[in-house]
Structures are given as structure tokens and as C-alpha cells.
Amino acid sequence: SIRCVFAGYYFPKRFESWLCDDQLAFVQKVYDFKDGKDSCTEYFSQAFLLLSTDEDITAMFMPCSTSDRYYRRFSGIASFLETHGYVRSGLDLICITESRECKYASEKRSEINTANYMMSNDLYGKRVVIVDDLLTSGSSLMEYAHNLERVGAKVEGAVFLARTFQMPSPAKVKRLVWKRHLSVLIWRRSDDL
């Protein structure tokens, strides 16, 4: 398993009418980060502090659908993290070799071939933390971590700007409600004894 830290929750558009102003503002920060308009340094610096890594760590950024998108999204935060001593930047240790479809724009995300990059041999022996914008299912994280380990890197953790909110299943909600209801009944009954 990979230790993961994220700064907040990303809510898909279908939840927009349920969100408070602070949540809407954070979701906008996620969009701005994706577009390279905001490096979100305050969130990533806190996330790295929570992950508690030492100085011998290289940040490896999750490959994007195009090289342009990769550098637009991650160059600001890569520079900040290295300049302020959080980690070394591994931004140039992968090379996007071809464009592919964006995962977030596709209806069949799991079917997209994300192997559109090459990794540098300089990754061998490096301790790395993976950096990305969103953690949803974790499948991209696990695939990228596996590829990093195949070239000799050791994945120490992952830092995300946000985790995608997922509505719990009806069965999970029922279980939680019954658990709380029964614990209240047991607590009241023990007071009666």
C-alpha cells in the first residue's frame, strides 16, 4: 500500500448545488491547478509536511495526456517544492512520448492506455513521492508506482491536491445508521440498569 495525503475533496459537477462557498472555491482551485493557472503551493506544501518525508526524496509527477499539459500543470509546483526544500523535482525524469485521450474526459477511463511516456534510467535507486491533482480510484497511482518500481525507484508515498468525493452505497449508509442506532439503544439500556 502507498501512503497518500490530499488537501481536500473534489466534488464532481453533479454535486455542485449541494456545496458551500468554501467547497466551491476549492473545486475551482482544482480546475485552476489542472489548467496550470494556480500552483496551489499552500496545499501541496502542507501535504508534504503531513507525509513527513526526509530530504532525500524526488517528486515524480503523474504523466498527463500531452507533454504540454504535463509541464503546464506541474512545472510551477515542481519549482516551488525544489526551491523551498521540500523535495527534488523529477519533472524531467519522464518524457511524454505521444498524446493520448484525457482520462477525466473519457466515459471509459479504465480502457485508456496511459503508457505514453518513457522513464529515465536516473530513477534507479531514488526514493520518490508521486504528485498528482486527483485521487479517485487509485488505479492510475498503482500503475504509475509499479512502473516506477520496475525502473528501480522506491515509492515512499503520494501527494494529491484532492480526493474525488464518492457517495457511499445505500448498504453502507444503512449499516452505519443501524450501528449508531443500536449503540444508542445499548447505551440507554445500560443507563437503565
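Computed from the coordinates by the stated procedures, all read-outs in this text should not be read as laboratory data. Everything numeric in this text was worked out from a predicted model, so none of it was measured. Using ideal geometry, Cβ is built from the backbone for each residue, glycine included, and neighbour counts are taken over all protein chains shown.
Remarks
- Asp38 long-range amide H proximity, modeled H, under 5 Å: Phe33
- Cα-based helix-to-principal-axis angle, 139-150 vs the chain, degrees rounded to 10: 40
- Relative to the longest principal axis of the Cα atoms of the chain, the long axis of helix 41-51 lies at roughly 70 degrees.
- Listed peptides 162-173, 26-37, 123-134 by packing density, highest first (mean Cβ within 10 Å): 123-134, 26-37, 162-173
- Pairs of lysines in segment 4-167 (C-alpha under 28 Å apart; 8 or more residues apart or interchain): 17
- In this simple spin-label approximation, Ser139 and His181 carry label points 7 Å from Cα along the Cα→Cβ vector, and these lie 3.5 nm apart.
- The charge dipole of the chain, taken about its Cα centre with unit charges on the Cβ of Lys, Arg, Asp and Glu (plus for the first two, minus for the last two), comes to roughly 980 debye.
- Note on semi-axes √(5λ) of the Cα gyration tensor in Å: of the candidates (1) 35, 20, 18; (2) 26, 21, 15; (3) 31, 25, 18, the value calculated from this structure sits at (1).
- In segment 4-167, Cα pairs under 8 Å separated by at least six residues give a relative contact order of 31 percent.
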